[in-house]
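The values are calculated or read from the model by the stated rules, or taken from the named source; none is laboratory data. No experiment lies behind these values; they were computed from the predicted model shown. Heads up, the Cβs are rebuilt from the backbone with ideal geometry, glycines too, and the neighbour counts pull from every protein chain shown. Just the protein is used for accessible areas: all its heavy atoms, side chains included, with ligands, DNA and RNA removed. Shrake-Rupley method; radii C 1.70, N 1.55, O 1.52, S 1.80 Å.
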Number of protein chains: 2
Amino acid sequence: MHLSFVEAVDSMGTIRNFLFIMCDQLRADYLSCNGHAQLDTPHIDALASRGVNFTRAYCQSPVCGPSRMSFYTGRYMFCHGATWNNVPLSVGEWTMGDYLRPQGLRTVLVGKTHMRADDAGMARLEIAPVSPLGVRVSQCGFEPYERDDGLHPDQSADPHLAYNRYLREQGYDSDNPWHDFANAVEGPNGEVLSGWHMRNAHLPARVAEKDSETAYMTNRAMAFIREAGDAPWCLHLSYIKPHWPYIAPAPYRDLYGGQHVVPVNRLASELDDPHPVVAAFMQHEESRSFQRDDVRHHVIPAYMALVKQIDDHIGRLLQFLQAQGRLDDTMIVFTSDHGDYLGDHWLGEKELFHEASVRLPLLVYDPDAAADATRGTTDDRLVEAIDVLPTFLDALGADLHPHRLEGRSLLPLIRPGGIVDTWRDAAFSELDYAFRPARLDLGRAPHEARAFMVRTADWKYIFYEHYRPQLFDLRADPEECHDLGSSPVYAAVRAELHERLFTWLRTRRTRTTVSDPAVAQRTATARHRGILIGVW
Amino acid sequence: MHLSFVEAVDSMGTIRNFLFIMCDQLRADYLSCNGHAQLDTPHIDALASRGVNFTRAYCQSPVCGPSRMSFYTGRYMFCHGATWNNVPLSVGEWTMGDYLRPQGLRTVLVGKTHMRADDAGMARLEIAPVSPLGVRVSQCGFEPYERDDGLHPDQSADPHLAYNRYLREQGYDSDNPWHDFANAVEGPNGEVLSGWHMRNAHLPARVAEKDSETAYMTNRAMAFIREAGDAPWCLHLSYIKPHWPYIAPAPYRDLYGGQHVVPVNRLASELDDPHPVVAAFMQHEESRSFQRDDVRHHVIPAYMALVKQIDDHIGRLLQFLQAQGRLDDTMIVFTSDHGDYLGDHWLGEKELFHEASVRLPLLVYDPDAAADATRGTTDDRLVEAIDVLPTFLDALGADLHPHRLEGRSLLPLIRPGGIVDTWRDAAFSELDYAFRPARLDLGRAPHEARAFMVRTADWKYIFYEHYRPQLFDLRADPEECHDLGSSPVYAAVRAELHERLFTWLRTRRTRTTVSDPAVAQRTATARHRGILIGVW
């Protein structure tokens, strides 16, 4: 399985396809190419060794739905407006498929998007949800080759879920085998124990590895690629794991135990007078659970197993691409929607802006010979999730739509022949925690639960509505354990970063229906169109 | 003609209809109810005497298109994104008609909107421009009973323009009688002189008053009201005047001469080291023209004549409404899209944020008995154009959609029985001058040409990208002739208002697809939906 595509790729070509792989909740530092001390991910590392590993990549919101909508729209979260999970993306927002389809690419989804359709917006525009257009805008612009958001509690499981149909065909007899087999384990007396409870994460899934979600979605991706043949495509392969339920199949589950869990990144002093919003998140159940070492030692090995499993399937997929001749003409992006605190800073899950949560793994493999000089390099310039879509367009030589897309093409970084005059010197991320218990604990109205992060090379400043900011000195304190948000010593630093946030908000892409060149072409031409303004 | 509806209205009723009258480029202070010393507008004054006169009302951008889109969407300019004339309003934006039609109201346009259809957005959503839906979204949600944007240079005049057809039927023989008759005058030798040139503004239009644009649009409004009968409606009667071409018909043109022109509001000191953006606007042709006293004395009487003419037609319309029994169940709003510098501050036209440009006339007549206590009063609380739509919805008892609509209902101010706990203490306006020669003179890219105004009871602060701000002390200097934008004495005031702008940008309504109550209902209910987050 480790036959590497590194040696195999020798004829580089022009990009025709994009394989846009996203994991869910994969921490950037849970890959061996990003320094994990216990987890070996050779296939993902091989991708890094053939491409560029962006080590300071940031999501636009550390929450599944809004982060993904930023990837898909190329816009910051409070611009696209889908600010939390299940907040519909307005039907008026342009998405990846809207940009790539006119370039001749089938733009296809296999896996998760967390898109909620804008039913009211569609009704207003008389778009039938079941029409081809209705399906497309409901799937944020993707052709849903296999849509599966990966969370199927019995209360709301779709009876027609394809993965459940598949599992039943394999003999997993249940109304909801997603839960009862793929995300459940067997107790000592043969009883079914739910993966919803982290206490069960030490046992292997009741599903065979070959039938697990990661294996199944990889198969579906390969089925699409095979089916597509020589027609160009963009395939968004969007794995559900290592997101909870933290249930991994055998043999992966048994690869890791408590002894493989790397030390938690937290200090007792972080509990002394924490920031009010952080303190409220520390009271969330996921935080209280992950504050316990026994939970961490129980769950993190399962998380690692899920990552390891993904790595092997990435290897399988790359071998398949090679066999199909697609490694010469396919750009591959490997990333995640956000990270996972796993107990760092006394927190669980994500949402807040520590690196464990907001930083992304981001590997880009570009088959073009112009990228040879950067193969196997890391790049620590500040990169954002919204850069992926402009990178794709740039690779096709298409217009980057900079009046609407707020990211920047990474191509000048990957193919350094070009001139990168000035790269961004700050990355931004946003949060709407209106839907979370923390807001209730803090006694805030839904519209008051907003936070904004700006991260420069040296500093991270986090502004919270109604509360003091946070500030981290990333040079002196890369672990972000010392919050300087109320230290008088750093008032000037905070003021400067505060102004950076303001500048950024003022200058976002808000005139989305006319491009800058079109503006320039029209400026001061009223007279030619016969409109005389103020002429004596 | 002066038989006033003031005495005539005695039975007040429940609101079923809205008459939303907008003038174009009517300065707030060019009405006798707002203190004009030479211009008598008794009919508009009568409306004020039966309603509330909001004396500190502000447009969201002092430019036709973006200001109107804010009225129609209820959203700030950089939220709706139609930031200048002919910048399309995204097909995804909800408009007045989308809110009022479900309440059972025909929502109809007679006159100007300055809407440019979002052709690309419509194509993306497969909306045929000629379909009923396509027409509606192309007309920013209005049923175009009579759409006429009022500027028809020969180079682009629609050959099917209804007003031109009407004029030809009346015997005005021309391909473009809008220009050749309604907006042209006759020279001493019978030659046709174009209204595009302000030098011709001293002569009366070549059209009979009864066939002028103001008379025609008033007739069309009455035709609609008659046709609508007892079915409820919202009629947006949107006059093209007193916007240029500054051509008024007889007998109005002859009512005013240079002796009626009120003193210009400017100081020579304003030319000493003016703000760079203001200085660039001072170089525009409209500013250079209006800097000349002879131009002002030539043109302003025509402007006054156009206002006077509108006033008489408002009187005619109110009499008609009374005769139709509609004064009992119709809320009437009278306003403008912005003002007109007319030479004040050495400027012409609008766009910048002095009161002459950014302040609106805003009169609201509410037939409900609950409004009796405020009839004939003025209200100097800070009001914005985006308040009109929420006011309409409130009058119907409908949802105010506060997750999308950024304005506030004026009803609690008009019907003071309710509690107005806290009214806004600042009004905001925005500018994108990308399309203007000033940008070229300043050497700025299109996306750099932005400015933002915040106006409190005491201060007006204007932030320009790349330039120092402006600051006016509205108590000491209501004429806004002393720019304190670089005075060290006022640094603290500027800093506070600067932060106000930032706060406002951060807290705008950007989660437009889910209401706050829906958020509240969903907060922390994941568990009930079967999703267990971080449960041990």
Exercise for the section: Between A:SER486 and B:VAL535, with labels modelled 7 Å along Cα→Cβ, what's the label distance in nm to one decimal, could you check? Expected result: 3.5 nm
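Antiparallel as a % of all DSSP beta bridges within chain A, to the nearest 5?
Values: 27 of 55 bridges.
DSSP beta bridges in chain A are roughly 50 percent antiparallel.
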Practice task
Name the long-range amide H neighbours of A:LEU362: under 5 Å, sequence gap of 5 or more, or other chain; modelled H, no Pro or chain starts.
Solution key: A:PHE54
Completion exercise
Going residue by residue through the range A:280-286, the Karplus relation 6.51 cos²θ - 1.76 cosθ + 1.60 with θ = phi - 60° gives ³J(HN,Hα) values, rounded to whole Hz and with x marking Gly or Pro, of 5, 5, 5, 8, 4, 4, 5
Problem - Two-site FRET efficiency, A:ARG381 against B:ALA37, from Cβ-Cβ distance with R₀ of 60 Å, rounded to 0.05 - result: 0.40
Handout entry: Label point 7 Å beyond Cα along the C-beta direction, distances from B:THR507 to other copies (nm, shortest first)
Key = 2.6
Exercise for the section: Once the label point is placed 7 Å from Cα along Cβ, list for A:ASP293 the distances to the corresponding points in the other copies, in nm, shortest first. Expected result: 8.9
Completion exercise
Chain A to chain B by rotation: the residue of A with the beta carbon nearest the axis and the rounded distance in Å are A:GLY92, 1
Problem - Estimated FRET transfer efficiency when R0 is 41 angstrom, pair B:TRP504-B:GLN324 (beta carbons, to 0.05) - result: 0.45
Exercise for the section: Report the semi-axes of the equivalent ellipsoid for the protein assembly as shown in whole Å, largest first, where each axis is √(5λ) for an eigenvalue λ of the Cα gyration tensor. Expected result: 58, 29, 29
Problem - Accessible surface, 1.4 Å probe, highest first, among residues B:ASP173, A:ASP516, B:ASP294 - result: B:ASP173, B:ASP294, A:ASP516
Practice task
Give the shape of the range A:165-291 as rounded, prolate or oblate, defined through the alpha-carbon gyration tensor: a ≥ b ≥ c are the square roots of its eigenvalues, a/c under 1.5 means rounded, and otherwise the shape is prolate if a/b is larger than b/c and oblate if not.
Solution key: oblate
Exercise for the section: Treating only the Cβ atoms of Lys and Arg (+1) and Asp and Glu (-1) as charged, compute the dipole magnitude of the protein assembly as shown about its Cα centre; round to the nearest 20 debye. Expected result: 520 debye
Exercise for the section: Place +1 on the Cβ of every Lys and Arg and -1 on the Cβ of every Asp and Glu in the range A:29-128, take the dipole about the Cα centre, and give the residue among A:VAL91, A:LEU105, A:ALA37 whose Cα lies farthest towards its positive end. Expected result: A:LEU105
Exercise for the section: Once the label point is placed 7 Å from Cα along Cβ, list for B:ALA524 the distances to the corresponding points in the other copies, in nm, shortest first. Expected result: 5.9
Handout entry: Cα gyration tensor category, rounded, prolate or oblate, for the range A:273-332 with a/c compared to 1.5
Key = oblate
Problem - Accessible-area value, B:TYR490, 1.4 Å probe, nucleic acids and ligands omitted, Å² - result: 60 Å²
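Given Cα pairs under 8 Å that are at least 6 residues apart, what percent is the relative contact order of chain A?
The value is 23 percent.
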Exercise for the section: Pull up all non-local amide H partners of A:GLY111: gap of 5 or more, or a different chain, and H-to-H distance under 5 Å with H placed in the peptide plane. Expected result: A:GLU146, A:ARG147, A:ASP148, A:SER238
Problem - Per-residue SASA entry for B:SER238, accessible area with 1.4 Å probe, Å² rounded to 10 - result: 0 Å²
Handout entry: Rg/Rh ratio calculated on Cα atoms of chain A (Kirkwood radius)
Key = 0.97
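Give me the net charge of A:MET69's neighbourhood, meaning all other residues with Cβ under 13 Å from the Cβ of A:MET69; Lys, Arg count +1, Asp, Glu -1. Could you put the intermediate results ahead of the total?
Details: positive: A:ARG68, A:ARG75, A:LYS112, A:ARG116, B:ARG511; negative: A:GLU93, A:ASP118, A:ASP337, A:GLU406, A:GLU430, A:ASP432.
Net of charged neighbours comes to -1.
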Handout entry: Built amide H within the under 5 Å cut-off of B:HIS338, gap 5+
Key = B:GLN25, B:LEU26
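Looking at the protein assembly as shown, send over the antiparallel percent of its DSSP beta bridges, to the nearest 5. Walk me through the numbers on the way to the answer.
Working: 54 of 110 bridges.
Just about 50 percent of them are antiparallel.
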Exercise for the section: Provide the three semi-axes, in whole Å and in decreasing order, of the ellipsoid equivalent to the range B:119-160 as defined by the square roots of 5 times the Cα gyration tensor eigenvalues. Expected result: 22, 13, 8
Completion exercise
Residue by residue through the range A:71-87, the couplings from Karplus 6.51 cos²θ - 1.76 cosθ + 1.60 with θ = phi - 60°, in Hz, x for Gly and Pro, are 4, 7, 9, x, 10, 5, 4, 6, 8, 7, x, 8, 8, 7, 4, 6, 8
Handout entry: Around A:ILE386: net Lys/Arg minus Asp/Glu count, Cβ-Cβ under 14 Å
Key = 0
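On a 1.4 Å probe surface of the protein chains, which of A:HIS298, A:HIS447 comes out largest in accessible area, and what is the full order?
Highest to lowest solvent-accessible surface, that is A:HIS447, A:HIS298.
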Exercise for the section: Give A:LYS210/A:LYS350; B:LYS210/B:LYS350; A:LYS241/A:LYS460; B:LYS308/B:LYS350; A:LYS460/B:LYS460 a once-over and call out the pairs whose C-alpha atoms are over 31 Å from each other. Expected result: A:LYS460/B:LYS460
Practice task
At 1.4 Å probe size, with no ligands or nucleic acids counted, give the accessible surface of A:ARG206 in Å², nearest ten.
Solution key: 70 Å²
Completion exercise
Karplus ³J(HN,Hα) for the range A:478-492 (6.51 cos²θ - 1.76 cosθ + 1.60, θ = phi - 60°; Hz, whole; x = Gly/Pro) runs x, 7, 6, 9, 10, 7, 9, x, 10, 7, x, 4, 9, 4, 5
Fill in the blank from the handout: Taking Cα pairs closer than 8 Å and at least 6 residues apart, the relative contact order of the range A:427-532 in percent is 15 percent
Exercise for the section: State the Cα centre-to-centre distance between the range A:459-479 and the range A:198-265 in whole Å. Expected result: 34 Å
